[in-house]
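Written below as structure tokens is the structure these notes are about.
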Amino acid sequence: MSRVLIIGAGGVGRVVAHKCAQNSGVFEHIVLASRTLSKCEQIRDEIKRMQGVNIEVSKIDADNVEDLVTLIKSVKPSLVINVALPYQDLAIMDACLLTGVHYLDTANYEHPDSAKFEYKEQWAKNGDFKDKNLMALLGSGFDPGVTNVFCAYAMKHYFDEIHYIDILDCNAGDHGYAFATNFNPEINIREVNSKGRYWEEGEWKETEPMEIKMVWDYPQIGPKDSYLLYHEEEESLVKNIKGLKRIRFFMTFSESYLTHLKVLDNIGLTRIDPIEVDGCKVIPLHVVKALLPDPASLGPRTKGKTNIGVVCEGIKDGKRKKIYIYNICDHQEAYKEVCAQCVSYTTGVPAMIGAKLICEGKWMKYGTVNMEEMDPDPFMEELNRHGLPWHIIEMDPDTTFEVK
Ligand code: NDP
């Protein structure tokens, strides 16, 4: 039985809190803390009503290490689940080191002033976590997260060597708005506007944003335009999957989404540097964020499904082999269960599962750890149990889900 502190009461934090409450046999005491207390209180009341479980709430500025240390000392958790924004990762990791508590997050550190995410600064804390016999599980969402576990599972059970990985992320949900983002608008737009990047034959290759488009025929969804982006799990998978020759990441975007984004871009509204307006300094992207619907409000309106998975190709017993492992999640079903749409659901469930495995001692390795470094089997079992069942298609290596 463990005490857990969840930081961040957004779309993902709501799902983590619900799912921990559903597993109160493991998480005996749950505290949800965030910048805006009223959001925590709303989730607390919802969980009492829907899950019949009491959780505690608290207000925290997670950029402030001293305040975090005080909170952690008063809650005394075994683990902190960080589902605030990537900007808070380093402060929360430092607070965990100072208080001797395990750490878990779903997105790697990003500096607010530069739209660049990488593991460098988090991996630099590996020695500190090891020295204190603590685990920092990095990227326990869906992508990163489940996609890394899918690759580890493929490696363990299907391949001697994996040579090619394509990570395919399709959201075929419709929220009925002309333009809205499914998770934090600032993080989402920064990610989509960054240059594309993939790894091939030992080096990173850079593309312009949205330069490479492919059409993938997603099971249970159908063909969708999918664009090559750089995504953070590629950085650790390149390091941890031996023999890899290429890894790419594709995400679907509708024509309407891309047209809106282009207009915002063309007029400078996606800029992250401050500009002066009537004597006030404002960051254009913050204005856009303030005007767009709160992703948490999309839940009741979003219909359709997501399909996220990995296609792995390689060698087993000297023969070529190719498999596709994926999950399908239904927006309306997720909303019925935890009042959130699939993008939050598919992130929050793996965060709870990572936390559960750590608290049960089934996943424990000191230092900063990426998901594919752990035994995938218990995680895959938990996915089936907690709302994210997966499927495997063993393919003829000469076939593809790409529509030419
Ligand atoms: P939201 O913007 O909905 O929620 C973020 C929450 O963090 C908000 O409640 C916000 O508070 C709180 N917060 C922000 N800054 C602070 C701070 N300084 N101190 C305390 N609380 C703070 O985001 P999401 O829930 O959609 O995303 C949460 C995380 O999950 C992000 O890091 C995101 O990148 C990651 N993610 C990962 C995915 C994956 O598959 N791996 C997929 C989707 C998201 P307030 O409401 O007061 O602003």
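The values are calculated or read from the model by the stated rules, or taken from the named source; none is laboratory data. Since this is a predicted model, take the numbers as computed values, not measurements. Positions of Cβ are generated from backbone atoms using ideal geometry, with glycine treated the same way; all protein chains shown enter the neighbour counts. Only protein heavy atoms, including side chains, enter the accessible area calculation; ligands, DNA and RNA are left aside. Shrake-Rupley method; radii C 1.70, N 1.55, O 1.52, S 1.80 Å.
Structure notes:
- Checking Asp113, Asp61, Asp45 one by one, the residue that is open to solvent by 10 Å² or more (accessible area, probe 1.4 Å), over 24 Å from Cys359 (Cα atoms) and within 8 Å of the ligand (Cβ to nearest atom) is Asp61 and no other.
Each row is one residue, and each column tells you yes or no for (1) at pLDDT 90 or above; (2) of a type outside the set (A, V, I, L, M); (3) within 16 Å of the ligand (Cβ to nearest atom).
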position: Ala172; (1), (2), (3): yes, no, no
position: Ser194; (1), (2), (3): no, yes, yes
position: Tyr198; (1), (2), (3): yes, yes, no
position: Glu211; (1), (2), (3): yes, yes, no
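- Among the residues making up segment 372-401, a single one is polar (S, T, N, Q) and either at pLDDT 95 or above or touching a Ser or Thr at 6+ places or on another chain (Cβ under 9 Å) (or both): Asn384.
- Residue match in segment 291-301 (condition: surrounded by fewer than 22 Cβ atoms within 10 Å (Cβ to Cβ), among the charged types (D, E, K, R) and within 15 Å of the ligand (Cβ to nearest atom)): yes
- With respect to being within 25 Å of the chain's Cα centre (by Cα), more than 9 Å from the ligand (Cβ to nearest atom) and surrounded by fewer than 23 Cβ atoms within 10 Å (Cβ to Cβ), Glu66 falls outside the description.
- Per-region count, segment 88-142, residues under 17 Å from Lys239 (Cα atoms) and either more than 15 Å from the chain's Cα centre (by Cα) or assigned to a loop (DSSP other than H, G, I, E, B) (or both): 10
- Residues satisfying the stated conditions in segment 319-347, i.e. touching a residue at least 60 places away in the same chain (Cβ under 8 Å) and acidic (Asp, Glu): Glu337
- Pairs with Cβ under 6 Å, 6+ apart, first in segment 10-23 and open to solvent by 10 Å² or more (accessible area, probe 1.4 Å) and within 6 Å of the ligand (Cβ to nearest atom), second modelled with pLDDT of 95 or more and β-branched (Val, Ile, Thr): Val12/Val83; Val12/Thr347
- Residue that is within 16 Å of the ligand (Cβ to nearest atom), more than 17 Å from Ala152 (Cα to Cα) and open to solvent by 10 Å² or more (accessible area, probe 1.4 Å), where the choices are Val343, Val338: Val343
- Here the condition is being within 15 Å of the ligand (Cβ to nearest atom) and either surrounded by fewer than 23 Cβ atoms within 10 Å (Cβ to Cβ) or under 24 Å from Asn307 (Cα atoms) (or both); of Leu97, Leu134, Leu90, it holds for Leu90 alone.
- First in segment 267-293 and outside any loop (DSSP other than H, G, I, E, B), second anywhere and open to solvent by 70 Å² or more (accessible area, probe 1.4 Å), Cβ under 7 Å, 6 or more apart: Lys281/Pro274; Val282/Pro274; Pro284/Arg271; Leu285/Arg271
- Flag not set for Val83, criterion: closer than 21 Å to Pro185 by Cα, open to solvent by 20 Å² or more (accessible area, probe 1.4 Å) and not polar (S, T, N, Q).
- Residues of segment 268-288 that are open to solvent by 70 Å² or more (accessible area, probe 1.4 Å) and either within 16 Å of the ligand (Cβ to nearest atom) or within 25 Å of Gly176 (Cβ to Cβ) (or both): His286 alone.
- Pick from segment 234-254, criterion under 16 Å from Asp169 (Cα atoms) and in contact with an Asp or Glu (Cβ under 9 Å, 6 or more places away or on another chain), ranking: surrounded by the fewest Cβ atoms within 10 Å (Cβ to Cβ): Ser254
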